[in-house]
């Protein structure tokens, strides 16, 4: 009498291994578009105000008192800017320089600033919101850019 191993066990094992590989591949989606906000120069392009955001913990605990940021994603895709209160300011190219002001109670707005011919062309937009600035990449990843509300 000859004993043979059942072939179905081999196929079940291969199918199980293939399924495990597929599940692992989709379990944690890749973050290919990591958003960022980093302190940047003032409108005249001469000074990066000391904020501490990219040098945590920094002297100000990561809060950018001046609100000058360059925003974008690590792969150069456009990003959506909004605030932590849900106000959406629009889609901006990676590398856009903004002045962000948290003004609780104010009407959220975006204003083109700077100059193509003068000295204040280093910042593109002044954005006023009611919460902290949030950068959202095309894959939905977010980065929060903390700024303090203006003094009362």
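The values are calculated or read from the model by the stated rules, or taken from the named source; none is laboratory data. Here the structure is a predicted model, which is why all the values come from computation and not from measurement. We place every Cβ from the backbone using ideal geometry, glycine too, and count neighbours over all the protein chains shown.
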(request) Out of the residues in the stretch 75-98 that are under 15 Å from residue 123 (Cβ atoms) and without any contact (Cβ under 8 Å) to a residue 40 or more places away in the chain, state the one that is surrounded by the fewest Cβ atoms within 10 Å (Cβ to Cβ). (result) 93
(message) When you scan the stretch 115-127, do you find a residue that is at pLDDT 95 or above, within 16 Å of residue 144 (Cα to Cα), out of contact with any helix residue (DSSP H, G or I) (no Cβ under 9 Å at 6 or more places or on another chain) and surrounded by 13 or more Cβ atoms within 10 Å (Cβ to Cβ), even just one?
(response) yes
(message) It is to be established whether one or more residues within the stretch 115-124 are part of a strand (DSSP E or B), in contact (Cβ under 8 Å) with a residue 12 or more places away in the chain and under 23 Å from residue 63 (Cβ atoms).
(response) no
(request) Report yes if residue 77 is at pLDDT 90 or above and either in contact with a helix residue (DSSP H, G or I) (Cβ under 8 Å, 6 or more places away or on another chain) or farther than 18 Å from residue 39 by Cβ (or both), otherwise no. (result) yes
(request) Starting from residues that are assigned to a strand (DSSP E or B) and surrounded by fewer than 17 Cβ atoms within 10 Å (Cβ to Cβ), keep the ones in the stretch 128-152 and report whichever is modelled with the highest pLDDT. (result) 142
